[in-house]
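The values are calculated or read from the model by the stated rules, or taken from the named source; none is laboratory data. The shown structure was predicted, so the numbers you read here are calculated from the model rather than taken from an experiment. Cβ placement follows ideal geometry from the backbone for every residue including glycine, while neighbour counts extend to all protein chains displayed.
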Amino acid sequence: MTPHDEPYDAIVVGSGITGGWAAKELCEKGLKTLVVERGRHVEHGRDYVTEWLQPWQLAHRGRGEQEVYDRDYPIQSKNYAFGEATRHFFVNDREHPYITAEDQRTVTFSRRGR
Ligand SMILES: Cc1cc2nc3c(=O)[nH]c(=O)nc-3n(C[C@H](O)[C@H](O)[C@H](O)COP(=O)(O)OP(=O)(O)OC[C@H]3O[C@@H](n4cnc5c(N)ncnc54)[C@H](O)[C@@H]3O)c2cc1C
């Protein structure tokens, strides 16, 4: 693989002020930039709040609310791991929309989160 085969010119790790500003500058200079963000801290065990729940213990028995998924999670809900028991690990697509220039295609990854 040559450097020209790489899909990105720059990869920024972290979207805090340092990474966010770096990404802004790189994008404004025309570089294809990928930002990866680990998301909030998840404590092993303590933060797995639905781990031991059975489907019948969930409000919609694990099926969730399709109208909410369509409205708020149209991209995230395509992930195989998305569901009523895991929704809290995914971002709301309305609050975190994918925005791309008219002439660019949107690339979405099948995994998002940490
Ligand atoms: C309580 C508190 C109050 C503050 N108040 C002020 C204030 O009033 N004014 C002020 O100017 N400054 C304030 N600061 C300081 C300011 O928040 C920091 O200086 C600034 O956020 C540092 O920015 P950063 O981008 O370097 O790091 P961060 O903001 O910490 O960003 C790092 C990002 O990288 C991500 N990340 C880490 N590891 C990985 C990984 N392996 N893969 C992917 N992503 C990863 C993190 O999730 C995070 O989003 C405050 C800090 C704290 C803690």
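The rows are residues; the columns are (1) over 20 Å from the mean Cα position of the chain (by Cα); (2) assigned to a helix (DSSP H, G or I).
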position	(1), (2)
V12	no, no
W21	no, yes
C27	no, yes
V42	no, no
G45	yes, no
E51	yes, no
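Of the conditions (1) out of contact with any Asp or Glu (no Cβ under 8 Å at 6 or more places or on another chain); (2) modelled with pLDDT under 95; (3) surrounded by 15 or more Cβ atoms within 10 Å (Cβ to Cβ), E102 clears all except one; give me its number.
If we test E102 against (1) out of contact with any Asp or Glu (no Cβ under 8 Å at 6 or more places or on another chain); (2) modelled with pLDDT under 95; (3) surrounded by 15 or more Cβ atoms within 10 Å (Cβ to Cβ), just (3) comes out false.
Identify the residue in the stretch 41-74 that is surrounded by 10 or more Cβ atoms within 10 Å (Cβ to Cβ) and within 16 Å of the ligand (Cβ to nearest atom) and, among all such residues, is farthest from G14 (Cα to Cα).
D47
Residue under question is L26, and the condition is that it be in contact with a Phe, Trp or Tyr (Cβ under 9 Å, 6 or more places away or on another chain) and either among the charged types (D, E, K, R) or within 16 Å of the ligand (Cβ to nearest atom) (or both); does it hold? Steps first, please.
On the way: in contact with a Phe, Trp or Tyr (Cβ under 9 Å, 6 or more places away or on another chain): no; either among the charged types (D, E, K, R) or within 16 Å of the ligand (Cβ to nearest atom) (or both): yes.
Taking the combined requirement at face value, the residue does not satisfy it.
If E37 meets every condition in (1) at pLDDT 95 or above; (2) among the acidic types (D, E); (3) surrounded by 11 or more Cβ atoms within 10 Å (Cβ to Cβ) apart from one, which number is that one?
(1)
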